[in-house]
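Each value in this text was obtained by applying a stated rule to the coordinates, not by laboratory testing. Computed from a predicted model, the values in this text were never measured in an experiment. Using ideal geometry, Cβ is built from the backbone for each residue, glycine included, and neighbour counts are taken over all protein chains shown.
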């Protein structure tokens with residue numbers, strides 16, 4: 001695995017109130033959902049075919065989550081609203097488990113069980129692989145943040 005800095009504290013200052021966090025997540029969610037909707041308009045999926053747009057949304061969103069989580073939890077000290085805004089909000093609104101499930105159901109309903117099973121398995125495998133690979137690559141490329149004692153995490 002990896003060593004996590006002992007003092008993974010947010011940026012100095014007061015902690016945000018729950019209402020601030022909720023508003024931050026909502027604002028990020030609007031941005032992420034609009035980006036996802038825009039992608040579906042740019043690259044529509046024909047009925048009964050492999051849902052490539054949703055597939056790539058979930059893979060790229062998972063990759064971005066890998067990058068974000070390493071940066072904000074291991075490599076940088078950031079404002080306490082960055083993680084809820086970008087992670088839960090933007091990337092949570094951008095990625096879509098519900099559309100993934102509906103796409104699979106539609107393929108099954110359209111007697112495309114093979115395509116549905118391929119979609120279900122490859123999306124999961126690709127999204128998790130993207131998350132892992134991007135996390136690992138980020139750890140290799142970005143120096144760890146110093147610990148309070150001046151050392152750095154491995």
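The calculated FRET efficiency for residue 73 paired with residue 52, based on their beta-carbon distance and R0 = 25 Å, is about 0.20.
I'd like the orientation of helix 52-70 relative to the chain: the angle between its Cα long axis and the longest Cα principal axis, in ° from 0 to 90, rounded to 10. Helix 52-70 sits roughly 10 degrees off the main axis of the chain. Comparing 134, 60, 115 in a Gaussian network model of the chain where C-alpha atoms under 10 Å apart are linked, the largest mean-square fluctuation is found at 115.
Computed over the chain with a Gaussian network model linking Cα atoms closer than 10 Å, the most mobile of 113, 33, 127 is 113. Residues considered: 85, 50, 97. Largest GNM mean-square fluctuation over the chain, using C-alpha springs under 10 Å, is found at 97.
Take the Cα of residue 97, step 7 Å toward its Cβ, do the same at residue 132, and the gap between the two points is 1.9 nm. Taking Cα atoms only, the orientation of helix 113-141 departs from the longest principal axis of the chain by about 20 degrees. Fewest neighbouring Cβ atoms within 10 Å first, the residues 94, 100, 37 line up as 37, 100, 94. Rounding to the nearest 10 and keeping the result within 0 to 90°, find how far the Cα-based axis of helix 18-42 lies from the longest principal axis of the chain. Between the helix axis and the principal axis of the chain, the angle is about 40 degrees. For Rg and Dmax of the Cα atoms in Å, computed directly from the structure shown, the correct entry in [x] 18.4, 61; [y] 60.2, 186; [z] 13.6, 37 is [x]. Modelled this way, with points 7 Å down the Cα-to-C-beta line, the labels at residue 26 and residue 125 are 4.1 nm from one another.
Put the Cα centre of region 126-147 next to the Cα centre of region 35-86 and the gap is 15 Å. Each Cα pair under 8 Å and six or more residues apart adds its separation to the average, and for region 18-141 the resulting relative contact order is 41 percent.
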